[in-house]
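The values are calculated or read from the model by the stated rules, or taken from the named source; none is laboratory data. Fair warning: this is a prediction, and the values are worked out from it, not measured in the lab. When we count neighbours, we look across all protein chains shown, and the Cβ atoms used for this are built from the backbone with ideal geometry, even at glycine.
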Amino acid sequence: MNDKIKVRKIINDNLTKKKNTTDKVMPTFFLVMASLSVATTFGIVLTLIVDAVKFFAEVPLKEIFSTELAPLKADPSFGILPLITGTLMTTLIAIAVAVPVGLSAAIYLSQYASSRSRKILKPILEVLAGIPTIVYGFFAYSFVTPLLMQIIPSLEAKNALSPGIVMGIMIIPLVASLSEDAMNAVPEIMREGALGLGSTKLEVALKVVIPASISGILSSIVLAISRAIGETMIVTIASGSSKNFTLDITQSMQTMTSYIVEFTSGDAASGTTGYYSLYAVGLILFIFTMIINLIAQHISRKYREEY
Amino acid sequence: MFKDGNLIGKDSRMLKKNAGAKLPKFNINKKRMKNRIFLSRFSRHLFSLSAVFALVVLGILLFDIISESLGWLNVKFLTNNLSIFPEKAGIRGALIGSVYLMLIVIPVTLVLGVSTAIYLEEYSNKGKIANFIKVNITNLASVPSVIFGLLGLSVFGRILNLGSSILAGGLTMSLLVLPIVVVASQEAIRAVPGFLRDASYALGANKWTTVRKVVLPVALPGILTGSILAISRAIGETAPLVVLGIPTLILKIPTGIMDDFTALPIQIYYWTLDTVLTPEYANLAAATIVVLLGVLFIMNSAAIIIRNKFQKKF
């Protein structure tokens, strides 16, 4: 009898000891796991900088800011301007599609739609947002480009226009849902006040709701720009890899992202200037998107109207 | 201004001054009213059109892809190996590659993501460190996927010498979708009401036991939903894998995580690129897209079912 109690006591002691040690160890374990995400960021920055520095050491600045990009030639040249214009043009087209359509959809959903049509439209927007970009790339290349060719006969098989438009379609859900959230956050009293003063629904939307939710709308647009700059597969497939320095959207252009894809899946031998140029482009892309995201965060923090 | 029911100050002086004057008449301009109402009604249709635009595009996209895949998508297409002849080509290798990839991504993201969320929500003192990690995760979520490819190429591919193996691809993909899992898990854990934790502590449980036996089970549906969405993102993501340098044509079926592989989106990419040489490749790409979208559809439905069925409301 006495022995039994003793054994039980020992077991119990051991159990609580074990429990308490795991209880003490777990916070450290979780902290280590959480810091791995920070390590990832540092990993990205380090890998980009280490190899980009080698590139900037080998290539003179004057060449970097030239308009000629021919990394695989015997006498290679690394001008980044063609990639910048390519990225800029496709992003501009995408924004020109996504912002008007996305904003009007957001206004419709938050101001006009009945709960039934909202129940149908919102999941469809979510589905559009969930489609992999490679599928959009295929769609741009196999459907939108041939369609546009019938309207603009001079369009090349690979061009900046078609991926720009499709990228815009891809971003519509982002703009629509973020802006709608911002518009829904405007208190009902303000809307009813304006309606009570005799405004029409359109006037309420344009003069009350949009000004009150402008911070959310702006930051959704800025985030959309960042998505468009970082988008890879659509432009790689549908815009091709011509390193043209041009503003003509009917021609093939290369963006920063598709340069990285083309070059790595090709034969970039490790240690060549071409290989390091990948990381230089990656670094510039990273800095671009970082700055844009910081702007978005700043806008939504600074210009938020509190109610 | 009023005081004790009487007008005082400027207002009372105005009243005295205008005592004899007539009240102003409101001049309602009927034409202007009509215009305003017309504009409002008209713009309503314009706005609804752009919302419907999304629906139309989705319809066209699906129609285009399904019509191109008709006749090419059959059981043989799923079970055949890759071939340079379009009639014989199948996606068995890509399917197996994608499954292997998920076998890496699922455990890695779940362990990393849920642990990070537990730290941020349960253990951190919400001070500078936690804030730094949070900001970092938000920023990580907005880094373009192609940059994760560069990270994978340098760290996993070259430094750890994993090349373009399943392991390298899986780890790269895990880091890419990590923020989604963290944010979803955080929200799920935050939604667990405090009284459940208090009850657990009152019964003598320590923190870890409370987290393990009370918080995690209650938060599980939310965590699962977020994880499924993250994994479906990983299945469709192409750019990081292409940057890792997955070879164009792999005729060997992978048998372990150190083998080279191909995955569904990669297969779509190469077939789409090669349509210039062989037009039938467009059909193969479309058929692969149908398979990929089918997989995504099943996963998203599962996520919705879990969300609706198992999520507890307090």
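Data for the structure
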quantity: Selection within region A:123-155 - more than 7 Å from chain B (Cβ to nearest Cβ), without any contact (Cβ under 8 Å) to a residue 40 or more places away in the chain and in a helix (DSSP H, G or I); calculated: A:123, A:146, A:147, A:148, A:149, A:150, A:151
quantity: Cross-chain or 6+ apart pairs with Cβ under 9 Å, region B:159-182 first and in contact (Cβ under 8 Å) with a residue 60 or more places away in the chain and in the same structural domain as residue B:239 (by TED's automatic domain parsing), then of a type in the set (Phe, Trp, Tyr) and crowded, with 24+ Cβ neighbours inside 10 Å; calculated: B:164/B:261; B:165/B:261; B:166/B:261; B:169/B:261; B:172/B:148; B:173/B:148; B:176/B:148
quantity: Some residue of region B:267-280 being buried (at least 24 other Cβ atoms within 10 Å of the Cβ) and touching a residue at least 40 places away in the same chain (Cβ under 8 Å); calculated: yes
quantity: Matching residues, region B:91-130, being of a type in the set (S, T, N, Q) and surrounded by fewer than 16 Cβ atoms within 10 Å (Cβ to Cβ); calculated: B:125
quantity: Unique match (being without any contact (Cβ under 8 Å) to a residue 24 or more places away in the chain and not aliphatic (A, V, I, L, M)) among A:239, A:219, A:258, A:199; calculated: A:199
quantity: Some residue of region A:48-68 being surrounded by 15 or more Cβ atoms within 10 Å (Cβ to Cβ), of a type in the set (S, T, N, Q) and outside any loop (DSSP other than H, G, I, E, B); calculated: no
quantity: Considering residues of region B:131-154 that are farther than 21 Å from residue A:224 by Cβ and at the interface with chain A (Cβ under 8 Å from one of its Cβ atoms) only, the residue surrounded by the most Cβ atoms within 10 Å (Cβ to Cβ); calculated: B:149
quantity: Residues of region B:289-314 that turn out to be in a helix (DSSP H, G or I), of a type in the set (Phe, Trp, Tyr) and touching a residue at least 12 places away in the same chain (Cβ under 8 Å), as a count; calculated: 1
quantity: Unique residue being at pLDDT 90 or above and assigned to a loop (DSSP other than H, G, I, E, B) when the list is A:242, A:219, A:199; calculated: A:199
quantity: Subset of region B:105-162 [farther than 24 Å from residue B:191 by Cα and of a type in the set (Gly, Ala, Ser)]; calculated: B:142, B:145, B:149, B:152, B:154, B:157
quantity: Flag for residue A:280 being over 22 Å from residue A:93 (Cα atoms), touching a Phe, Trp or Tyr at 6+ places or on another chain (Cβ under 7 Å), crowded, with 19+ Cβ neighbours inside 10 Å and in the same structural domain as residue A:80 (by TED's automatic domain parsing); calculated: yes
quantity: Residue pairs meeting the criteria (Cβ under 7 Å; at least 6 apart or on separate chains; first touching a residue at least 40 places away in the same chain (Cβ under 8 Å), in region A:71-82; second of a type outside the set (Val, Ile, Thr) and in a helix (DSSP H, G or I)); calculated: A:71/A:263; A:71/A:274; A:71/A:277; A:72/A:274; A:76/A:274; A:78/A:63; A:78/A:277; A:79/A:63
quantity: Whichever residue in region A:218-272 is farther than 20 Å from residue A:133 by Cα and of a type in the set (A, V, I, L, M) and, among such residues, is farthest from the other protein chains (Cβ to nearest Cβ); calculated: A:247
quantity: Counted residues, region B:249-270 - those being in a loop (DSSP other than H, G, I, E, B) and within 27 Å of the chain's Cα centre (by Cα); calculated: 4
quantity: Residues within region B:39-79 that are at pLDDT below 90, more than 9 Å from chain A (Cβ to nearest Cβ) and within 24 Å of the chain's Cα centre (by Cα), tallied; calculated: 0
quantity: Check on residue B:61, closer than 30 Å to residue A:112 by Cβ and surrounded by 16 or more Cβ atoms within 10 Å (Cβ to Cβ); calculated: yes
quantity: Residues that are within 12 Å of chain A (Cβ to nearest Cβ) and closer than 21 Å to residue B:247 by Cβ, drawn from region B:164-175; calculated: B:164, B:171, B:172
quantity: Boolean, residue A:261 is in contact with a Leu (Cβ under 7 Å, 6 or more places away or on another chain), surrounded by 18 or more Cβ atoms within 10 Å (Cβ to Cβ) and assigned to a helix (DSSP H, G or I); calculated: no
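For every residue, the table says whether it meets (1) outside any loop (DSSP other than H, G, I, E, B); (2) within 13 Å of chain A (Cβ to nearest Cβ); (3) closer than 29 Å to residue B:73 by Cβ; (4) in contact with a strand residue (DSSP E or B) (Cβ under 7 Å, 6 or more places away or on another chain).
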{"site": "B:212", "(1), (2), (3), (4)": "yes, yes, no, no"}
{"site": "B:215", "(1), (2), (3), (4)": "yes, yes, no, no"}
{"site": "B:221", "(1), (2), (3), (4)": "yes, no, no, no"}
{"site": "B:232", "(1), (2), (3), (4)": "yes, yes, yes, no"}
{"site": "B:241", "(1), (2), (3), (4)": "yes, yes, yes, no"}
{"site": "B:247", "(1), (2), (3), (4)": "no, yes, yes, yes"}
{"site": "B:272", "(1), (2), (3), (4)": "yes, yes, yes, no"}
{"site": "B:282", "(1), (2), (3), (4)": "yes, yes, yes, no"}
